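The values are calculated or read from the model by the stated rules, or taken from the named source; none is laboratory data. Source: prediction; values computed, not measured. FYI the Cβ positions are ideal-geometry reconstructions off the backbone, even for glycines, and counts take in every protein chain you see. Note: accessible area is taken over every heavy atom of the protein model, side chains too, but ligands, DNA and RNA are not part of it. Shrake-Rupley method; radii C 1.70, N 1.55, O 1.52, S 1.80 Å.
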Amino acid sequence: ALAPAARVARLVGTPRGALLVEARDTAGRRLGGVEVVAERDGLDVPAAPSLWAARALRGSSATGVLRLADLVSPRDAVTGLRDLGCTVREDLLSPL
């Protein structure tokens, strides 16, 4: 049922994707942020964390609920995004 909408999105969309995540305090002041730009294959970016988690869990005996941060360090995530061809603005990473 969504195929016609997907075809239209492909006509007007581009392979480039961008994501900006900001951390704010309770007063709304910006504490920091991360910007990720995928010049190509932008839809690969949302799929990457689940692949990283699966890789980290392979052969693991971990049980229960785990956060992505329990499986992948921020530095490994940045490396993984760069391996996908993304630009990651690290100057925005600290103080997150």
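General observations
- Top-ranked residue in region 26-68 [being free of Cβ contacts under 8 Å to residues at least 60 places away in the same chain and in contact with a strand residue (DSSP E or B) (Cβ under 6 Å, 6 or more places away or on another chain); ranked as farthest from Gly85 (Cα to Cα)]: Arg30
- Taken together, the criteria exclude Ala54 from residues that are surrounded by 15 or more Cβ atoms within 10 Å (Cβ to Cβ) and modelled with pLDDT of 85 or more.
- Boolean, Thr87 is under 16 Å from Leu19 (Cα atoms), open to solvent by 60 Å² or more (accessible area, probe 1.4 Å) and either in a strand (DSSP E or B) or polar (S, T, N, Q) (or both): yes
- Residue in region 2-9 that is part of a helix (DSSP H, G or I), basic (Lys, Arg) and either over 22 Å from Val88 (Cα atoms) or modelled with pLDDT of 70 or more (or both) present: yes
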